[in-house]
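Worksheet for the structure shown next.
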């Protein structure tokens, strides 16, 4: 990897450089910084921990390195309160989500959104199918606004394929109301261009 002018600039905190090393895919510099006992939870300008940045950038090797070095798997991002697992679900990286799960990642954030909410928001069919296979209970997980992942799908104008994956057999989602008394059917009528419910 090419050297960057900030790499040797003492006015740039080394912890802040972790995010750039991750974005650049520079394993060597990342491990050098970790070896100097830099804080593994220092937030980026976007409020993400280095582990969350690695998840967002889909850098599996760096996720492994950070977790093996003691990064907190359930640390919350500074601005959104999302964890690394939420970010992995949003970007659709099943392998990274499995790694995080093996390290004890929680599947629900501070407002009740679970990783299935995030996968629906990201529109990643493979991730949604994976989550429904390993944790189908999350389909009924309601956040503080009482919205389930199917409400999220309706609100986001998700494809029929996404909706079919999230719907549990035999469950009438038309009866599940959010905090405003709206069902997924109501939200689909307001926000969706596809007739899927």
Requiring at least 2 residues that are within 22 Å of residue 56 (Cβ to Cβ) and modelled with pLDDT of 90 or more, the helices (runs of 4 or more DSSP H) wholly within the stretch 83-197 are 84-91, 94-102, 115-122, 125-134
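So that you can scan it fast, the table gives a plain yes or no per residue for (1) farther than 25 Å from residue 21 by Cβ; (2) buried (at least 17 other Cβ atoms within 10 Å of the Cβ); (3) free of Cβ contacts under 8 Å to residues at least 60 places away in the same chain:
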{"residue": "56", "(1), (2), (3)": "no, yes, yes"}
{"residue": "61", "(1), (2), (3)": "no, no, yes"}
{"residue": "66", "(1), (2), (3)": "no, yes, yes"}
{"residue": "82", "(1), (2), (3)": "no, yes, yes"}
{"residue": "119", "(1), (2), (3)": "yes, yes, yes"}
{"residue": "147", "(1), (2), (3)": "yes, yes, yes"}
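The values are calculated or read from the model by the stated rules, or taken from the named source; none is laboratory data. These figures come from a predicted structure and were not determined experimentally. Every residue, glycine among them, receives a Cβ derived from its backbone with ideal geometry; neighbour counts consider all protein chains shown.
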